[in-house]
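One structure below.
What follows draws every value from the coordinates through simple rules; no lab data is involved. Note that the structure is predicted; figures quoted are calculated from it, not measured. Using ideal geometry, Cβ is built from the backbone for each residue, glycine included, and neighbour counts are taken over all protein chains shown.
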Amino acid sequence: MEKPARFCRRDMYMHFFYELKESSMEIEKKTSVHVPPHLHRSLECIFVTSGTLELGIGTELFHMNTGDFGIVFPEQIHHYQVFDSAFCQAVYLLAAPSLSGPFSDHLQNFVPEYPVLSAADVHPDITYALQSLLNLGTPAWTSVLCQSYTQIILSRTLPLFSLQPKKDLTGQDIVFDAVSYMAGHFTEELSLSRMAKDLGCSQFALSRVFSSVFHTNFNQYLNDLRLNCALGLLKNTSLPVTELAMNAGFTSLRTFNRAFKERFHMSPREYRKQQAAPGS
């Protein structure tokens with residue numbers, strides 16, 4: 001049976017950029033790639049197993065080496081960058097706040113001042129909990145196990161972080177508005193001027209958000225959203241490459257192929273073949 005498309009259908013936009021998770025927990029060990037700024041209601045934990053990774057939260061970039069552990073609290077705008085051309089893998093855990101038990105108040109009202117623990121500070125219980133969740137597999141998950149392992153991770157990490165009150169991201173915050181707007185419109189014909197007009201702000205103010213907060217420009221951010229959308233469709237559907245490129249917002253197959261190869265160093269068809277290979 002074909003896996004359902006999870007990234008680009010219009011009713012699923014917010015799953016990727018302001019996501020409403022369908023499950024209470026997701027965990028995956030995968031190759032790290034550049035992921036544009038997004039936010040969600042889940043707690044996110046990252047454990048780098050090889051290579052290096054940059055975790056971006058707000059206007060800050062936090063470098064992560066092999067063995068480091070990072071945490072992103074619910075509703076925090078964050079992104080990932082891979083500057084080193086070397087292979088990088090990490091375990092990514094998404095857990096609903098409802099699994100956090102006595103730590104729920106901390107997750108909802110505070111954020112870490114520095115969200116990364118160095119390898120030397122990562123307690124063995126953390127890696128044990130992550131590996132146990134990876135070994136369980138989705139069919140074996142129960143709410144008790146999810147809660148237990150989530151709370152083990154939090155009990156071994158939160159005391160090591162310096163927590164500060166969380167800034168409210170709702171209302172007229174231009175960063176929040178920018179992320180939400182791009183999530184809902186990236187498959188359309190879109191320009192900085194149209195976005196500024198729709199949000200009721202200046203192009204200059206928006207440009208500053210992309211450069212200072214997202215560490216990129218409008219066109220690159222838009223391209224990244226479309227590439228990640230297309231990547232999800234390549235992995236989770238059997239749609240023809242031309243069709244999924246158009247669904248992701250690209251105006252031509254040639255443009256899509258060029259952008260995809262620049263990012264992933266292979267063609268979309270080569271990537272799909274690699275994903276279908278045994279053991280991939």
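Placing +1 on the Cβ of every Lys and Arg and -1 on the Cβ of every Asp and Glu, with nothing else charged, gives the chain a dipole about its Cα centre of roughly 880 debye. Each residue in 110, 73 was given a count of other beta-carbon atoms within 10 angstrom of its own, and listing them fewest first yields 110, 73. A dipole drawn for the chain from +1 and -1 charges on Cβ atoms has a positive end, and of 220, 129, 148 the residue lying farthest that way is 220. Computed extension gain for residue 174 through residue 267, at 0.36 nm per residue and net of the alpha carbon distance, reaches 29.9 nm. Separation of the stretch 183-222 and the stretch 59-112, taken as the distance between their Cα centroids, equals 25 angstrom.
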